[in-house]
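A short reminder: the numbers here are calculations on the coordinates, not readings from a lab. On a predicted model such as this, the values are computed, not experimentally measured, just so you know. Note: ideal-geometry Cβ built from the backbone for every residue, glycine included; neighbour counts use all protein chains shown.
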Amino acid sequence: MSVLDPRRRRRTSLALLLLTSITLLSLDYQGFQPLNQVQSAVRSIVDPLAGSSDSITSPITNAWRSFSEFEELEDENIRLKRELAEIQGNSVRASAAEESLRALLEEIEIDYIGGAETVVAQVIDRPGNFESYSIEIDRGTDDGVRRGMPVVTSAGLVGRVSEVQGGFSQVRLLHQPDFPLGIRVVGTGEVALARGQGIGQDLVVKDGIIEATVIKVGDPVVTSGIEGSSYPPDLVVGVVSDVDFDAQLLEQEISVRLVAQLDDLRFVTIILWTVDGDSAP
Amino acid sequence: MVIALLILVFHLDVSPDLPIAGVSAELPLGLVIAAGLAGGVERGAYFGFVFGFVIDLFFFTPIGLRALVFGAIGWVAGHVFLDRIEESPVTAAVAIGGGTALGLASFAGLGVALGETALLESPISRIVLVASLLNALLAVLFMRVAHWMWAADPIGHKRFVT
């Protein structure tokens, strides 16, 4: 039996690893089920360990944060005090505005969430150095969650379940570029397709709203819920933040500011609703 | 395996709470490079691949991306070992710091090429710079752990004689 010379063996090893990695990537993109099962199994071992390590190391990490972020914390404290004062001052106006929005939605026979069953989930904090358009939540198929279900907070829509496993799921957030969302501008009946533009950016509607439609900054925006839509109708999305007119296409381009804060989600609610009505656990 | 598990748990739940300039240490990548430097091409490559694959299971980036990058970085680090560069704290720091920068840049580049555009919204230069410096500072520790890891691995010790 011939023995490979070391250099050739090393090159073969590298080629083998590269091929295996590419195969894994390919299987992952195709949603290969056994890979998800491996993921579930490994995580069921490591996650409890990680959870317990948190309680052991939290005194050290808290001490580090108060040391390294002292100035930031001071600034934040001042900022929060200022914001609290503003919030207190504006609370009456804010509740009046919310009441107006609810009243407006009721007036046009909007049934918020439509009485569908919901599941509350905690966002699993998995911060890495790199940004992501997704969050992970601690509910999965065991809790009746299915792929495609809408995810909201008390403020409004935040995204949609993109991957689901036994005890956890991934949620794609609305700010993901090219994430399509059918919306309706309340009061106009105008239906269009909004898309994300990245973290911290408003959604944008580039076509579908004709010149004659009167849309004002501040108009509420909800999900359209047209037939075949991935979302139930009338989930609160946001408010119109900008209106532009495209003289060439003779259409309006509008920006929509989300009412839900996507950058610091702690708890979310999954609406057990799918486009094909499959919500049974 | 125990070492890798400890580093993984630390990376997932402790390291993010100890950021420096908003960047947390990329300990797994540092360990993979040290594993290649201390153990050679094949050990570095296989360890990097397996460790990268396991870490992939915890993040939103495609499964196989870290396996690919970590495996290749471990392979490259193993060649530095085979070239018999004298091992010293400075050499280890340069190799691990440089390898971390190369690994993170490759990870971000490949990720974007695969459609993970969220990576572009990250402060990539800052992440690469700070994480590389952190790993370079921890190089001696990584090398000690890697030497101990291979010495305590009876199967690897016999199989990967270089």
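Results, tabulated for the structure shown:
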quantity	calculated
Largest-first principal axis extents of the Cα set of region B:1-92 (Å)	37, 28, 24
Neighbour-limited loop hits for GluC sites (Glu not before Pro), region B:60-119 (at most 13 other Cβ within 10 Å; DSSP other than H, G, I, E, B)	B:E86
Inter-chain Cβ neighbour average for residues A:6-18, partner chain, 10 Å	5
In degrees, nearest ten, helix B:65-82 long axis to first principal axis of chain B (Cα)	40
Coil-residue GluC sites (Glu not before Pro) of region A:214-281, DSSP, other Cβ within 10 Å capped at 16	A:E227
Theoretical ellipticity at 222 nm over chain B - DSSP helices of four or more residues, -39500 (n - 2.57) apiece, nearest 500	-22500 deg cm²/dmol
Kirkwood estimate for region A:122-162, i.e. one over the average of 1/r between Cα atoms, Å	11.5
Helix B:124-137 axis, angle to chain B major axis (alpha carbon atoms, nearest 10°)	30
Cα long-axis angle, helix B:41-56 against chain B (0 to 90 degrees, to the nearest 10)	30
Two-decimal log10 I(q)/I(0) for chain B, as the Debye equation yields it once each C-alpha is a single scatterer, q = 0.08, 0.12, 0.18 Å⁻¹	-0.20, -0.47, -1.08
Inverse mean reciprocal Cα-Cα distance (Kirkwood Rh) of region A:135-281, Å	15.6
